[in-house]
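FYI, it's all coordinate maths here, none of it is from the lab. These numbers come from a predicted model, not from an experiment. FYI the Cβ positions are ideal-geometry reconstructions off the backbone, even for glycines, and counts take in every protein chain you see.
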Amino acid sequence: MLKGISPLLNAEVLFALRAMGHGDDLIIADTNFPSDSIARQTRLGKLLRIDNVTAAEAAAAVLSVYPLDTFVDDAAARMEVVGKPDEILPVQQEVQQVVDAAEGRSWPLIGVERYAFYERAKKAYCVIQTGERRFYGCFAFRKGVIPPERD
């Protein structure tokens with residue numbers, strides 16, 4: 001256990017979050033996502049796990065230490081429902097609330113078509129699979145920067 005850091009963030013996940021740079025993507029995936037095969041194609045090259053939690057719980061833990069990129073419009077994204085791209089499922093609503101809370105303001109969680117999401121995931125730094133069993137519990141977060149402290 002570390003003070004001030006969620007116990008959900010295991011050593012492998014913390015290593016990846018720290019190693020990532022500005023503009024790198026991470027994927028938080030549900031249990032149905034092809035996580036292992038996609039993760040093998042990422043920069044890290046292996047699957048990370050935060051087991052037995054929902055996508056929202058994993059996102060809250062990650063976003064407690066991970067800044068979102070303010071230079072792009074798609075720093076936070078969700079996989080769209082096939083055939084219903086504008087439908088926002090409860091799992092996606094929960095993660096939207098987590099993103100807004102982490103950033104302290106309303107932050108757009110854009111939709112990405114399913115196969116385009118897979119392609120984005122393959123180019124990501126890493127994939128973190130969760131225990132989320134609800135469909136479309138898959139999200140992409142692009143890393144931002146932490147500004148220097150002001151004098």
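Can you pull out the residues in region 29-78 that are under 27 Å from Lys3 (Cβ atoms) and among the charged types (D, E, K, R)? Residues satisfying the conditions are Arg49, Asp51, Glu57. If you go through region 5-39 and keep only what is under 12 Å from Ile128 (Cα atoms) and not in a helix (DSSP H, G or I), you end up with Leu8, Leu9, Asn10, Asp25, Leu26, Ile27, Ile28, Ala29, Asp30, Thr31, Phe33, Pro34. State whether one or more residues within region 118-141 are in a strand (DSSP E or B) and aromatic (Phe, Trp, Tyr). Checking region 118-141: at least one residue is in a strand (DSSP E or B) and aromatic (Phe, Trp, Tyr).
Evaluate the following for Leu2: is it outside any helix (DSSP H, G or I) and loosely packed, with under 15 Cβ neighbours inside 10 Å?
On the way: outside any helix (DSSP H, G or I): yes; loosely packed, with under 15 Cβ neighbours inside 10 Å: yes.
The answer is yes for Leu2.
Taken across region 70-81, residues that are under 21 Å from Gly144 (Cα atoms), touching a Pro at 6+ places or on another chain (Cβ under 9 Å) and not aliphatic (A, V, I, L, M) do occur, with at least one present.
Let's see how each residue does on (1) surrounded by 13 or more Cβ atoms within 10 Å (Cβ to Cβ); (2) at negative phi; (3) free of Cβ contacts under 8 Å to residues at least 60 places away in the same chain; (4) part of a strand (DSSP E or B):
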residue: Arg43; (1), (2), (3), (4): yes, yes, no, no
residue: Ala61; (1), (2), (3), (4): yes, yes, yes, no
residue: Thr70; (1), (2), (3), (4): no, yes, no, no
residue: Ala77; (1), (2), (3), (4): yes, yes, no, yes
residue: Gln96; (1), (2), (3), (4): yes, yes, yes, no
residue: Ala102; (1), (2), (3), (4): yes, yes, yes, no
residue: Ala116; (1), (2), (3), (4): yes, yes, yes, no
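Residues in region 79-94 that are crowded, with 16+ Cβ neighbours inside 10 Å and in contact with a helix residue (DSSP H, G or I) (Cβ under 7 Å, 6 or more places away or on another chain): 4 in all.
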